[in-house]
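Structure first, commentary second.
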Amino acid sequence: MHFQIGVAAAFGAASVLATPVSTRAANSTSACGIITEQISEFYSDKSNELRNFVLPPSLAYACLQSSGIDNELAASYVEELKKYIQFQSSIAYLKNPPADYFYPAVDLLGGLDDIANKAKAGGFASQYDFDLALNKLVYSVKDGHTFLSTCTSGTISFQRGPFDPLALVSVTEDGTSAPKVFLLSDIYAGTNNLSVSSVATINDKDVASVLGTSAEDLTSDPDANYNRLISFDGSFSIPSTYQYPGDFTNITFSNGTTLSVDNIAFIRTGTWDLTIVDGTSFTEYFCVTPANPTPTNSSASPAPTSSGTYGNTAPTLRGYPVLPITKDPNNQVAGYYLNSTGYEDTAILRIGTFANETANRGDIDPTESFVNTTRDFLAAIRADNKTKLIIDVSGNGGGNTILPNEVFRRIFPNIEPYGLARLRGNPAADLYGQVFAAVPDEALVITASDNHTVQNLKSRIITSPWSYRNWVTEDLQNYTGWSSGDAPYYPPVENNGDNFTTLGRIPTNRTLYTETTGGLILYGTPAEPATEPQLFTPENVIVLTDGICASACSILTEFLTRQANVKTVVVGGRPQEGPMQAIGGTKGAQAYTFNNFGTQTSYLNSPVASPYISDDLAAEMNKTLPGLVDLPLGSPSSLARYGINLRDNIPPGDDAGIPLQFVFEPANCRIYYTPLTVINPLRLWEQVYDIAWNGGKCNYGSINSDVSNNGSGVDVPTGNNGTALPADNGVAGMGVSMSFVLAALSAALVVA
């Protein structure tokens, strides 16, 4: 039976709904004051101190819309943002994308100028409206490495209904015919068949249209965006949303029954202050003077920690029905065997993330635990004579970009990872490069007399992104200077109307480099030569993805497909026939948060570098470099939550210099979920096995299809840029979570 689900029933002990307020009160300019009154009463009960405060979205929205704004201060904030955003590597290609790019062109710097000019003219009515305008522009870049942490974005979060009752899936009986959208709970209740009724509309609009439209602003690939709306245990964590969803979500099923769910807003415990009485004091507290104060109702507690063990007794990952052979205690990577008859020769390497720092929940460093688990699992595979490998990177948003080199070298030790990338040139980048190059080699030699601080400074200057010493050429030779000598790193190179460095590679062949990567010594490098022969032939390795693969995940997948000729299977996507990318997340080579710019500038001002900076360069630094002054709005500590894509990833053999972010790379095989595979990864792995090695069928393509994975964009399912194919009736994608519906602006982005 389908019925209305209320907030209090759905959230139970985790959160409590504040006393409902009248529509008149919710629409008043004192909405922020009403929230403060209710929060004060709520937290006066000590049993609520660990609970988030839940309130009606309309009240929260009224408070946000009433937020005061100093338009002049907002304009200066944009001008300071530009000092950072000018380093975005893809600015030229966003403004002038290839003809087959999915989305319209974006003039990122011009758009910032437009927002600044509007603010200078007093054009924004609230801080919230100003922040929304900035978020809309920046997220139109559709790059997971590029994001903002505007000062109102972390204050109140919206969510479209409780989690589980609105979890949707798109399934088909055989995995190839057109699926329909169902409630995940109905799939479980229907004993894994389709005897229950499918979803027809959401808020009186066609379900496929709603889901397709709602996913547009998440990443650069519409199929991956569609899959971002999932609720599949083990591959996706549901964030809160920033954009107002209304107070209710209404679902109509094909049999005519309906489901109405209360949407909610919530304020995290310990983040609101009782001095907030209206929109003006709201902005004053969160945006103008947020020097990390302790709210008067603060009840924050340390986050809970968990740990795991290795071996057959290790607890399984959430959503996985079998125990792993090995499992990382930080839940980043795990290894499984298929044990059903006919599948016994196959191992599964499940990589959920690449040592994202937020994964550190055990007693061991995430990078160390990732490497140890991968090494131990491959050793177990060798000992147990497994001959086939499925690498499952579903839902992998990236992480440490060094780890793909480690994984690839262990699987294919005879192939040197390629990994060419470049930086965008701009006056500040040129200045960084000049100053780092001005420090002579002899001043950077680490000696026994150097204390730890000096040793660290020297190694950090050598390995700066703007240090020519940090990179090697395509043929692994040293550069001769920033802009000097026979092999300069920044000649510059002109491409698509912009300036770039040459294409450089990570110097993994250098001992110093391994010493500056958090203690990680890469397998198959001079510091740790490969000792084991190759385990698998390329035809016995398959990559499984849902298209969400991004950043470090994209780097590994590019290594596997372009250099080792490994085939790919992708699942889900938009409701239409046609190819789908295996890598639908950001394909940028390096995320870079704003706080790192200040760190780089501090190296220039250090005793190691400053003696070699001329007066002219010093004067230019003070005018040009980011990180010398705080952003005019928000907390200085929030700079780690702003980011850009620093380096473009350029594929081997691409003379045109088009970043992979703008290249359509179809998977060999595309499939859809069945009632079994959507809730049981083991059955999905068996289906992938059948496709790869038993002649199983795909929805589109085949495991042996030639997708011309060379940057040519074969079978691109779009017309000119800006013409993403619309969702049509019938085929639908993976499971979705309605907490992400209409979440064009996410308050919780993962940086990788």
Could you say which residue among Leu633, Leu660, Leu628 is buried (at least 20 other Cβ atoms within 10 Å of the Cβ) and more than 25 Å from Ser394 (Cα to Cα)? Leu633
Based on this model, can you work out whether Pro179 counts as touching a Phe, Trp or Tyr at 6+ places or on another chain (Cβ under 8 Å) and under 27 Å from Gln576 (Cβ atoms)? yes
Candidate set from the range 438-467 (those that are in a helix (DSSP H, G or I) and either among the acidic types (Asp, Glu) or touching a Gly at 6+ places or on another chain (Cβ under 6 Å) (or both)); member that is nearest to Ala421 (Cα to Cα): Asp441
Residue that is modelled with the highest pLDDT, among those in the range 597-642 that are touching a strand residue (DSSP E or B) at 6+ places or on another chain (Cβ under 9 Å) and not basic (Lys, Arg): Tyr642
Name every residue in the range 633-682 that is assigned to a loop (DSSP other than H, G, I, E, B), outside the structural domain of Ile548 (by TED's automatic domain parsing) and within 30 Å of Gly335 (Cα to Cα), in order of residue number. Pro651
Can you pull out the residues in the range 337-355 that are of a type in the set (Phe, Trp, Tyr) and either within 29 Å of Ser551 (Cβ to Cβ) or assigned to a strand (DSSP E or B) (or both)? Tyr337, Phe354
Checking the condition over 30 Å from Ser177 (Cα atoms) and buried (at least 16 other Cβ atoms within 10 Å of the Cβ), which residue from Gly578, Gly598, Gly547 passes? Gly598
Regarding Tyr61, is this residue crowded, with 20+ Cβ neighbours inside 10 Å, of a type outside the set (Asp, Glu) and out of contact with any Leu (no Cβ under 9 Å at 6 or more places or on another chain)? yes
I need the full set of residues from the range 521-573 which are touching an Asp or Glu at 6+ places or on another chain (Cβ under 7 Å) and farther than 20 Å from Tyr226 by Cα, in order please. Ile521, Leu522, Tyr523
The lone condition Pro626 fails out of (1) in contact with a helix residue (DSSP H, G or I) (Cβ under 9 Å, 6 or more places away or on another chain); (2) closer than 23 Å to Ala443 by Cβ is (2)
Residue count, the range 410-424 (criterion: of a type in the set (Lys, Arg) and within 15 Å of Thr557 (Cβ to Cβ)): 0
Could you list, ordered by first residue, the pairs with Cβ atoms under 8 Å in which the first is in the range 486-502 and closer than 15 Å to Ser90 by Cβ and not assigned by TED's automatic domain parsing to the domain that holds Ala429 and the second is among the polar types (S, T, N, Q) and not in a loop (DSSP other than H, G, I, E, B), at least 6 apart or interchain? none
Could you tell me whether the range 87-95 includes any residue that is buried (at least 23 other Cβ atoms within 10 Å of the Cβ), under 23 Å from the mean Cα position of the chain (by Cα) and of a type in the set (Gly, Ala, Ser)? yes
What's the number of the condition Asn649 fails, among (1) among the polar types (S, T, N, Q); (2) surrounded by fewer than 21 Cβ atoms within 10 Å (Cβ to Cβ); (3) under 20 Å from Ser220 (Cα atoms)? (2)
Show the residue pairs meeting these rules: Cβ distance below 7 Å; 6+ apart or different chains; first residue within the range 424-435 and within 11 Å of Thr501 (Cβ to Cβ); second residue outside any helix (DSSP H, G or I) and charged (D, E, K, R). Arg424/Asp498
For the range 127-150, indicate whether the set of residues that are surrounded by fewer than 19 Cβ atoms within 10 Å (Cβ to Cβ) and farther than 30 Å from Val571 by Cα is non-empty. yes
Can you work out which of the residues in the range 367-394 that are within 22 Å of the chain's Cα centre (by Cα) and not in a helix (DSSP H, G or I) is nearest to Leu535 (Cα to Cα)? Ile391
Tell me, please, whether a residue that is among the charged types (D, E, K, R), outside the structural domain of Arg424 (by TED's automatic domain parsing) and touching a strand residue (DSSP E or B) at 6+ places or on another chain (Cβ under 9 Å) can be found in the range 118-134. no
Residue satisfying all of: in the range 335-357; at pLDDT below 95 and surrounded by 15 or more Cβ atoms within 10 Å (Cβ to Cβ); nearest to Phe408 (Cα to Cα) among these: Phe354
If you scan the range 124-164, which residues turn out to be on the phi < 0 side of the Ramachandran plot and of a type in the set (Lys, Arg)? Lys136, Arg160
Looking only at the range 383-402, which residues are modelled with pLDDT of 95 or more and farther than 24 Å from Asp223 by Cβ? Ala383, Asp384, Asn385, Lys386, Thr387, Lys388, Leu389
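The values are calculated or read from the model by the stated rules, or taken from the named source; none is laboratory data. The structure presented is a predicted model; accordingly, all values stated were derived computationally and were not measured. Backbone-built Cβ (ideal geometry, glycine too); neighbour counts: all protein chains shown.
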